[in-house]
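Undergrad: What follows is a structure written as structure tokens; I'll ask about it next.
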Amino acid sequence: MIDLIVIGAGLAGLTAALTAAEAGLRVKVVGKGLNALHWSAATLDLLGYTPPRRAPVREPWTTLPHLSLTHPYQIAGELRMRAALQRFLNWSQAGGLPYLPGAVEGENFMLPSPIGAMRPVYLAPYGQREGDLSSQQPLLIVGFDRMRDFYPHLLAEHLNKQGHSTRAVVLSSSLITQRSDANTVQLAAELERREHQIALGGALKSAVRPGERIGLPAILGLDEHTKTLEALAAAAGAPVFEIPTLPPSVPGLRLTTVLRSLLARRHVRVEIGMEVVGVQVEDGVVRWVETATSSRPLRHTASAFLLATGGVLGGGFQSDHQGRFWETVFDLPLNVPQDRSQWFRPLFLDAEGQPVFHGGVAVDNQFQPLDSKGGVMYRNLWAAGGLLAGTDPLQEHSLEGIALVSGAAAGEAAAAALTGGRQTNEAAPADIPAGASAAKTPQ
Amino acid sequence: MQLVETDILVIGGGSTGTGVAWDAALRGLRVVLVEKRDLTHGTTGRYHGLLHSGGRYAVKDPQSAVECIEENRILRRTHAHCIEDTGGLFVVTPEDEGEYPERFKAACLKVGIPCEELPLAEAFRREPMLNRRISRVFAVPDGSADSFLSTHATAQAASQAGAKVLIYHEVIHPVVEGGDGDRRVVGAVVRNMVSGEEFTVRAAMTINAAGAWAGKLAAAAGIEVKIIPGKGTMVAMNHRIVNTVINRCKMPSDGDIIVPVHTVAVIGTTDEKVTDPELLRIEPWEVQLMLDEGDKLVPGISRARVLRAWAGVRPLYQEGFSGQSRDATRSLTLLDHQERDGVSGFLTITGGKWTTFRLMAETTMDMACKQLGVTRPCKTADTFVPGIEQGHYWLGHRLHEIEEHRLQGSLVCECELVTRSMLEQAALKNPTVTLDDLRRDVRLGMGPCQGGFCTYRAAGILHELQLAAEPAGTAASLPAHAVTPAAEEPWDVAYLQSPSHSRQEVGSQSAPAAARLPAASPALLLRDFLQERWRGLTPILWGQQLKQERLDELIYLSVLNADHLPNAGDSSPLTEFWQFDTTPAEAHKTASETATQTAGEVQP
Amino acid sequence: MASISWHTVDHSLDECIKCNICTSYCPVSAVTDLFPGPKYVGPQAQRFRENGQPQSPDASVDYCSGCRVCNEVCPTGVKIAEINARARAEIVAKRGMPLRNRLLGRNELLGRLGSVAPALANFALQNPFSRLLADKVMGIAPEAPLPTWSTSGTFADWLRASKPQRLRSDKKVVYFHGCATMYYEPFIGKAAVAVMEHQGYEVIVPLQNCCGLPLLSNGEFRAAADYHKNNVAHMASFAQAGFPIIGTSTSCTLTLQEEAPELLDMTDEGSMQLKMATWDIFEWLRDLAAKGELATDFRPLNLTAPYHAPCQLRAHRVGKPALEIMEMIPGLVAAESHALCCGIAGTYGYKSEKYQIAMDVGEELFQFVREQGEGVDYTVCDSETCRWQLEHGTHLPSRHPIELLATAYGLYDLEKRNLV
């Protein structure tokens, strides 16, 4: 029997699942496909900007009180936020992919983006940490001639314009691969091979000048990332760090792999390729969800459900040409402008963001979705991640922060409810009787 | 002020203007063509891509229909590689019953358009998505055309014949001499929009081929020409859906045609009389109408992914006409201002359509030659533009070449299969000011992700070219005059769209010429190309395309933080697109007004 | 090509947002750049294909193994593997098909031919000389793990012989055995029948054809459609009558459920009934377990058995039911593989030019098996070609989980592969 089914296998869903599993629940994750971490820089961006998106936030904690009361961080509160971050640090350690804060604990720090802008981040994976731009150490940016998603000269020019002494070098791709066509993930696999590390290490050593640190595209190994990074640094005789790239994001793939393996250790199955296509709700309770198969839909019953399907990008919301905009699993109410002509502003990079992406699912302080009157929609349903209202995580640079904080908070709340830790959430159904259909297939 | 002497000055770098330049050059005349942006930046580059058989006008406008079928036959030879032989179908939907189909058949016969009624089963075999409730189908020799490529190819042919084709050159004003009763246009004062330099072009004959802007130009010469700007809105679907041009068999109206062109299917068009050719804002009802009407031809098309929407303004003209723009003639109009207005040395060519651009040029130059006393005949109907040996376009050609030569690793725009060498060749062989110019050359950013991945890559590659073009040892930025009025070398576009051909040319180029590369910084090229893509997206963002847009936001906001580059807020008039725009007035603030971010400023 | 509707695979390209997740997980493009990846050959290239094109512009799509990992990881629902299969069919339609692929696609015919004189056939096929010849003449890799014909009769022979002893019951199921069970591995069918009868069900084995998958994956759509029509004709009435149609070959069940109807655009009532009534045997057993009807008289099986859920099973999107049932067997340690693919992908790894790719793809799985240590007697996998590849790559015998279950019920000898 499963206690909690998490719908969605992104950072929010995996966080919620791991949190609930640590609290003793039997958890299963179903996800339509793999997640947005594969597209992001996979730094832990907590809060980089507040709207309008102009100057970066240095101290996220003192900025929190200025956020709207409907913002997920306000709903979670600082204590739960700090607890979630601590969980994440523990997981990243346990999974062998440590994340680290900047020089000043509790403050954001700046890392170079793949075009040489400065990205405000709160925690960075070990491999990116050395790129900290609060340090005045000169940089050498190294790229490869046949790599379409990394342009070191462009990066260097922009960093120089911002006062960071930077040089750029483009090396031959044949140092690290014989492939005529390779994406970042394939290059990362190539760099796990010793002979490629030696070849690249030698080239780095001849390219680097004393005192420089070396920034490379984020392709320094997959499972063997730390070893790869250290081998290159040793060979080059200089600090080496990664700069994220366009999708596919190797750092995001690594983080997904680590979280999935931590879940596997806790016997949580993460089923990828399962799209929820049906639900049964009655008496204010979710009875089951069904996922599409190659034949009959597969029914999943559980005591509780946690929705972490993401927003527009994750597939949590859908819209059509008639201006309809809806939440895809439970059709939860969303506060998105009714008139499609109000969804966008004239500028793509508008500092205020696009209105359509501000809308989402409203939740209470236990991260339970609310109905249009402000009451809890279903007693055994929780929600986390990109589908939450009150924020545009891309504008704010809070993509991973929102996912983590709300995932942990919702997972905790669901666990507390199921283990009797919460008064208001009475008697979540433990065992749901079979529905009318004969196709019931519990896990 | 510098003075350039020529026989013919052509104003306007659309299909008509380049056609006139080509025609004139082939007759041995000296020609200068000026275009204020890139070639085809006006209506030519904003049309649906139909090579008319004439069927559409057979009943309503037989003269136009005759012009179409004749030119259709000519262009298939002279511009072979710019044309896809899709064929066209006229289908009778349940709403189109009545006598029109019979009239259509008879009219086609009368004007000489091959028209064959097909068994329904054959029509469905060719086009499985076609509405199964249609009752009759007629096949005609419609086709689809690449108006960017064909116009550039015509410009190249004109250049090879001696014409000077100057893009990013704006006419400040025509030069008019003489007094009452003996006024004559003798050329124009022109500004190089990149360098800011102004000069005078003195010409024996000035041809106003400014399309929807022809009225404004004529007014500057003191002549009233009432162009009827008919705005047409088009919607491009994410993939072909149909591979034959599909027309409703009825009197032409809104949304009654689907044109497969390159990788997309275009549903067109509306026809709205607007007050100004630059009012290109797309209204929600127009998109809705295209989709609703599209459903009648291909049921369910409204639920398929829409790639983009855009509008172009037809330069319709009819002497004394005051009705709806839909009813204005599609036939070409040549205004002899000497006869009409008593102003010599000045002709306005307008009306018509892409399919008849060559004929328009011929008609114009016949008149010009007559007035100039030149007796050389038109040669364009029997002259081929460079590149026709590639044969007619077929959809699979890029994929086929990339597969055959295993060029997958060098793709920059993965949606439209643009390789790095294609992009570089386009940038090096032709004057380039914006990434949008490269889009027209090689289709950069025209696929599903609408620049999401390739804009960054193109900016990086152009930056590397810019660096390579700098004199050794200097780290200074590039000279401001990227395009000089004396850009003598002919255009070279014949093989730009061929991945395998571009590949062979890599390395054959010596150091890139800075003069042909964009002067703007990569950050601004990137910002402004994204903005150019954005304005065609907002009318159609829902469903999958909204999801795509959000991924593009993730890349540019979260991963790249591209709006926080050191010069992200700089003004860049040449690459900024929101001044010539689909958006309402309040949007006409520049990025510099909106993004006032400063790197040092930090918020508590 | 058959008529197209908005629901067919071609239009699913519209779901693609170019995000590259599929290419990042594609096991084939991970080991060779001859395959540019699912996004490129799938939704991306599809925009450059058209109905009635003068020639097929494709080449590299032929390196898609059809494992469907791309479909599994795609966050937006593009039917990438199916787009690729249809593109391959177009290559075949335009350029014809090598004899080899024609042969490999005809699993059933091969099976029937070899079964006339199986020992001779095995010798003819397995001796080094003829394998060399097959490589040179037809491009079948000399090392590839081809099956051997059953020398103790076909499954049909056993069915006839065992008819009097088999269970009669009001509770009935239909068994779809597939070609491998019929001609090469009849013991899988025997184990399956024994297990189903052990649950109290009478097992009906109607006339049936090859499911058509080998033809589909080699691009011979028309022939595959004929097979599928036959199967619908033979079995739709059982489906309509409410009998579950149960298979032990995951590729066959997937084809009946989804591949044939989707790739061939066969949406007739019979095809849909067959689709909805078809079960993987462990999915069906798991359903019995959930209803409390699964026999649980297990004897302990003291085995460490690395279990690989084949791509074809994962494409069912029902989780890993065999693993769940095996976890109920006392003493059995079924270590779960998370490898993406064994590499063989049906007939892919038999082809000379793809053999090494298949082995490189499988290395992740072979490595996993090696990591399980010395105490491993068998590997376990639901798909026959994957088992053959596993045996080839690990030199350990491989078993279908139904064999383990039958053994746990005391009905089967796991080593000798026969009913007891």
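The values are calculated or read from the model by the stated rules, or taken from the named source; none is laboratory data. Since this is a predicted model, take the numbers as computed values, not measurements. For neighbour counting, all protein chains shown are included, and Cβ atoms are generated from backbone atoms with ideal geometry for every residue, glycine included. Surface areas here come from the heavy atoms of the whole protein model, side chains and all, with no ligands, DNA or RNA. Shrake-Rupley method; radii C 1.70, N 1.55, O 1.52, S 1.80 Å.
Undergrad: To the nearest whole number, what is the average tally of beta carbon atoms from other chains within 10 Å of the beta carbons of peptide B:233-239?
TA: Per-residue shielding by partner chains comes out at 3.
Undergrad: Now, a different point. Please list, in order along the stretch A:46-56, the HN-Hα scalar couplings obtained from phi with the Karplus expression 6.51 cos²θ - 1.76 cosθ + 1.60 (θ = phi - 60°), rounded to whole Hz, x for Gly and Pro.
TA: Going residue by residue, I get 8, 7, x, 9, 10, x, x, 7, 10, 8, x Hz, with x marking Gly and Pro.
Undergrad: Between rounded, prolate and oblate, where does the stretch B:62-130 land on the alpha carbon gyration tensor, with a ≥ b ≥ c its root eigenvalues, rounded for a/c under 1.5, else prolate if a/b exceeds b/c?
TA: Judged from the Cα gyration tensor, the stretch B:62-130 comes out oblate (a/c at least 1.5, b/c at or above a/b).
Undergrad: Give the lysines whose C-alpha is closer than 16 Å to that of B:K370, dropping any in the same chain fewer than 8 places away, or say none.
TA: Reachable lysines: B:K379.
Undergrad: A further question follows. Roughly how many whole Å is it from the C-alpha centroid of the stretch A:14-36 to that of the stretch B:131-186?
TA: 61
Undergrad: Specify whether the C-alpha gyration tensor of chain C places it in the rounded, prolate or oblate class, a ≥ b ≥ c being the square roots of the eigenvalues: rounded for a/c under 1.5, otherwise prolate if a/b is larger than b/c and oblate if not.
TA: Since a/c stays below 1.5, the shape of chain C is classed as rounded.
Undergrad: Angle, helix C:186-198 long axis vs. longest principal axis of chain C, Cα atoms, 0 to 90°, nearest 10?
TA: 60
Undergrad: Let me understand the stretch A:126-187 better: what is its radius of gyration from the alpha carbons, and its Dmax, in angstrom?
TA: 13.2, 38
Undergrad: Nearest 10 degrees is fine. How inclined is helix A:399-418 to the longest principal axis of chain A, computing both from alpha carbons?
TA: Tilt relative to chain A: about 30 degrees.
Undergrad: Okay, which of the stretch A:350-379 sit inside 13 Å, backbone N to the point 7 Å along the Cα-Cβ direction of A:D283?
TA: A:379
Undergrad: OK, next. For a quick check of understanding: with a 1.4 angstrom probe and all protein chains in place, what accessible area in square angstrom does B:K250 have, to the nearest ten?
TA: 50
Undergrad: If we sort C:347-355, A:270-278 on the protection proxy, mean other Cβ atoms within 10 Å, highest first, what's the order?
TA: Sorting C:347-355, A:270-278 by mean packing, highest first, produces C:347-355, A:270-278.
Undergrad: Still on this structure: Looking at the square roots a ≥ b ≥ c of the eigenvalues of the Cα gyration tensor of the protein assembly as shown, which shape do they give, rounded for a/c under 1.5, prolate if a/b is larger than b/c, or oblate?
TA: prolate
Undergrad: What does the convex hull of the Cα atoms of the stretch B:250-396 come to per residue, in Å³, rounded to a whole number?
TA: Enclosed volume per residue, from the Cα hull, is 172 Å³.
Undergrad: Could you work out how far apart the two model spin labels at B:H405 and A:R194 are, taking each label as a point 7 Å from the Cα in the direction of the beta carbon, and quote it in nm?
TA: 4.0
Undergrad: Under 5 Å between amide H atoms, partner at least 5 residues away or on a different chain: which partners does B:H239 have, H built in plane at 1.01 Å?
TA: Residues meeting the amide H criterion: B:A265.
Undergrad: Using modelled amide H (1.01 Å from N, peptide plane; none on Pro or chain starts), what sits under 5 Å from the amide H of A:I214, excluding residues fewer than 5 places away?
TA: A:L140, A:V240, A:F241
Undergrad: For B:L50, enumerate residues with amide H under 5 Å from its amide H, sequence gap 5+ or separate chain, H modeled in the peptide plane.
TA: Distant-sequence amide H within range of B:L50: B:A145.
Undergrad: Which whole-Hz couplings ³J(HN,Hα) result when phi for each residue of the stretch B:71-85 is put into the Karplus expression 6.51 cos²θ - 1.76 cosθ + 1.60, θ = phi - 60°, listed in order with x for Gly and Pro?
TA: Listing the rounded values in order: 5, 3, 5, 5, 5, 4, 8, 6, 10, 3, 6, 8, 10, 10, 7 Hz.
Undergrad: Counting only other residues whose beta carbon sits under 14 Å from that of C:E371, what net charge do I get with K and R as +1, D and E as -1?
TA: Charge balance in the 14 Å sphere: -4.
Undergrad: Report C:Y227's accessible area, 1.4 Å probe, all protein chains in place, as a number in Å² to the nearest 10.
TA: 40
Undergrad: Also, I was wondering about something else. What net charge is computed for the residues neighbouring C:T304, neighbours being all others with C-beta under 14 Å from the C-beta of C:T304, Lys and Arg scored +1, Asp and Glu -1?
TA: Residues near C:T304 contribute -3 overall.
Undergrad: Determine ³J(HN,Hα), in whole Hz, for all residues of the stretch B:319-332 in sequence, where each value follows from phi through the Karplus function 6.51 cos²θ - 1.76 cosθ + 1.60 and θ = phi - 60°; x replaces Gly and Pro.
TA: 4, x, 7, 9, x, 6, 5, 4, 8, 6, 5, 8, 6, 6
Undergrad: How crowded by other chains is B:412-425, given as the mean number of beta carbons from other chains within 10 Å of each beta carbon?
TA: 2
Undergrad: Now for a separate question. Could you order B:M205, A:M377 so the one with the most accessible surface comes first? Probe is 1.4 Å.
TA: A:M377, B:M205
Undergrad: In whole angstrom, how far apart do the alpha carbon centroids of the stretch A:164-192 and the stretch C:67-122 sit?
TA: 36
Undergrad: Let me ask you something else. I'd like the distance between the alpha-carbon centres of the stretch C:387-420 and the stretch B:50-82, rounded to an integer number of Å.
TA: So the two Cα centres are separated by 71 Å.
Undergrad: A further question on this structure: Would you mind working out the magnitude of the charge dipole of the protein assembly as shown relative to its Cα centre, with +1 at each Lys and Arg C-beta and -1 at each Asp and Glu C-beta, to the nearest 20 Debye?
TA: It comes to approximately 1960 debye.
Undergrad: Still on this structure: All other residues with a Cβ under 10 Å from the Cβ of C:S249 taken together, and with Lys, Arg as +1 and Asp, Glu as -1, what is their net charge?
TA: Here the count lands on -4.
Undergrad: Report in % the part of the accessible area of the protein assembly as shown that belongs to carbon and sulfur, leaving out ligands and nucleic acids; probe 1.4 Å.
TA: Solvent-exposed carbon and sulfur of the protein assembly as shown make up 53 percent of the total.
Undergrad: State to the nearest 20 debye the size of the charge dipole of chain B about its Cα centre, where the only charges are +1 on K and R beta carbons and -1 on D and E beta carbons.
TA: In debye, rounded to 20, chain B gives about 900.
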